[in-house]
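Q: Please see the structure below; I have some questions.
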Amino acid sequence: MHAVECTRGGHRESIHPFSAVVVERGAVTWSVGDDVSTFWRSACKPFQLSNSLGHLNGLSARDFSDDELAIGAASHSGQPQHVALVEKLLARFGLSAEQLQCGGHPPMHESSAKRVETPGNLHNNCSGKHTFMLAACKAQGWDLDYRAPTHPLQVKNRALLEGLGGHALQLGVDGCSIPTFFAPLSAMARTWSRLAEAMSDDADSTLGRIGLAMHRSPFFVSGDERLDLRVTQGANEWLAVKVGAEGLFCIARPEKRQGIAVKVHSGNADVAAVAVKWVLAQQGVNVQGEWPWSVVKNVRGVEVGARAVVTPLSP
C-alpha cells in the first residue's frame, strides 16, 4: 500500500494511504492501491457545466470566454475577481444571486474572507457552477429550485456521468445542496479521460472548450495558493485539473489522452497535494516550483515536519 507519511521531529505522526487510477482509451493502464469508491463532489464540475451549457437555448460554449467557462467549472476561492465574474454572468442571464441555491460560506481565500462581513451565495466556491445551472433551468422553463435528484437537470447530470464513466452511480447530497454521485476511481478516471480526448481531438466541442478554458484560466478554477492553480501552472505539459472534497483530485492529460483520479483515504487535503505530485511524477509529468504541502509548519511559520510518499507502506 502506498501512503503519505507525516513526520514531526523526525518521527512519524500520521500516515495516510492513497489510491490512484490512470485510464487511457477506456482501459486502466496504471494504478496503485485499491479501486475505491468515493463521492465525485467538485471533481465532476466540468461535466455538470457541459450539461448546463447544452440547455441554454441558442448559446454554446463558444459564446463564453475562457474565464467564464473556468468559473463555471470552479471551486473558486471567493476572491474579488471570482465574485465579480459570477455577478457579471448572473446579469447576462437576467438572474440574481438570491436565486442561487448553493448557500453562502466565507471565501476560502483568507485575506478575502477578512473583508467580507456577511458571506452570501456569491462567495460560495460553487457559485459559478450554480449560475450556469440556474440559467439552464430558466432557459428550459424548469423549476428554478434545481436541488432535488428528480429535477430534470440533476437527472441529466447523473445520466451524463454514468454514460461517460460506464458505471451506475449512487446518490448523496453535496455541500452546495445538489446531488453528488458515488463511484469508483476507475469510473472517475475514465470520465476524465473523455475530457482529455475532447481537449486533444475536438477543441471546439463543449467538453473540449471547457477543458481548454480550465487550462488557460486556472486562477478562475481555484484561486491564489490553491493546488489546482499550482499544478496547472507548474506542469511541464498542458493539463486540466480539478480538486474534489475529502482528498480527491482528478486530471485530464490531453497529450496522452489520459484521465487520472487520486484519492487520499483519510480525506486530508494537504496530504492529497503530496500524493498528486507523486502520482504525476510516476506518469512522467514534472510539476515545477515550490511545493508548500510537503512541509509541516507551526503557527509561527517555522518548519517542524514533513510529508512524503512512502512505499510500500511499513508498520
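The values are calculated or read from the model by the stated rules, or taken from the named source; none is laboratory data. Source: prediction; values computed, not measured. All Cβ positions, even for glycine, are placed from backbone atoms using ideal geometry, and neighbour counts span all protein chains on display.
Q: Does the range 270-286 contain any residue that is in contact with a His (Cβ under 6 Å, 6 or more places away or on another chain), more than 19 Å from residue 45 (Cα to Cα) and not aromatic (Phe, Trp, Tyr)?
A: Yes, the conditions are met somewhere in the range 270-286.
Q: Okay, moving on. Go through the range 80-102 and give me each residue that's surrounded by 16 or more Cβ atoms within 10 Å (Cβ to Cβ) and outside any helix (DSSP H, G or I).
A: Result: 95, 100, 101, 102.
Q: Looking at this structure, is residue 68 on the phi < 0 side of the Ramachandran plot, surrounded by fewer than 16 Cβ atoms within 10 Å (Cβ to Cβ) and not polar (S, T, N, Q)?
A: no
Q: What is the one condition in (1) touching a residue at least 40 places away in the same chain (Cβ under 8 Å); (2) exposed (fewer than 14 other Cβ atoms within 10 Å of the Cβ) that residue 300 does not satisfy?
A: Result: residue 300 passes all but (1).
Q: Continuing with this model, one more query. Strands (runs of 3 or more DSSP E) wholly in the range 8-79 with at least 1 residues that are in contact with an Asp or Glu (Cβ under 6 Å, 6 or more places away or on another chain) - which ones?
A: In the range 8-79, 11-24 are the strands (runs of 3 or more DSSP E) which contain 1 or more residues that are in contact with an Asp or Glu (Cβ under 6 Å, 6 or more places away or on another chain).
Q: Sticking with this one: Would a scan of the range 38-52 turn up a residue that is at pLDDT 95 or above, over 18 Å from residue 242 (Cβ atoms) and in contact with a Ser or Thr (Cβ under 8 Å, 6 or more places away or on another chain)?
A: For the range 38-52, residues at pLDDT 95 or above, over 18 Å from residue 242 (Cβ atoms) and in contact with a Ser or Thr (Cβ under 8 Å, 6 or more places away or on another chain): absent.
Q: Same structure, new question: Of the numbered conditions (1) closer than 28 Å to residue 281 by Cα; (2) among the small types (Gly, Ala, Ser); (3) in contact with a Phe, Trp or Tyr (Cβ under 8 Å, 6 or more places away or on another chain), residue 9 fails exactly one; give the number of that condition.
A: (3) is the only condition that residue 9 fails.
Q: Also, quick follow-up: Please verify whether the range 178-196 includes one or more residues that are under 23 Å from residue 218 (Cα atoms) and in contact with a Pro (Cβ under 7 Å, 6 or more places away or on another chain).
A: yes
Q: List the residue pairs whose Cβ atoms are under 9 Å apart, where the first residue sits in the range 146-171 and is on the phi > 0 side of the Ramachandran plot, the second is in a helix (DSSP H, G or I), and the two are 6 or more positions apart or on different chains.
A: Pairs found: 166/186; 166/187; 166/190; 166/191.
Q: How many residues, within the range 133-172, are more than 20 Å from residue 37 (Cα to Cα), hydrophobic (A, V, I, L, M, F, W, C) and not in a loop (DSSP other than H, G, I, E, B)?
A: Residues that pass the stated criteria total 8.
Q: Considering only the range 54-67, state which residues are more than 17 Å from residue 85 (Cα to Cα) and of a type in the set (A, V, I, L, M).
A: The initial filter retains those residues of the range 54-67 that are more than 17 Å from residue 85 (Cα to Cα), namely 54-60, 62.
Across the range 54-67, the qualifying residues are 56, 59.
Q: For the range 267-289: of the residues being closer than 14 Å to residue 228 by Cα and not in a helix (DSSP H, G or I), which is modelled with the lowest pLDDT?
A: The selected residue is 289.
Q: A follow-up question, please. Among the listed residues 209, 226, 216, 194, identify the single one that is in contact with a His (Cβ under 9 Å, 6 or more places away or on another chain) and either over 24 Å from residue 290 (Cα atoms) or surrounded by fewer than 23 Cβ atoms within 10 Å (Cβ to Cβ) (or both).
A: 226
Q: Here's another thing I want to ask about it. Which condition does residue 57 not pass, out of (1) in contact (Cβ under 8 Å) with a residue 60 or more places away in the chain; (2) within 28 Å of residue 142 (Cβ to Cβ); (3) surrounded by 16 or more Cβ atoms within 10 Å (Cβ to Cβ), if it passes all the others?
A: (3) is the only condition that residue 57 fails.
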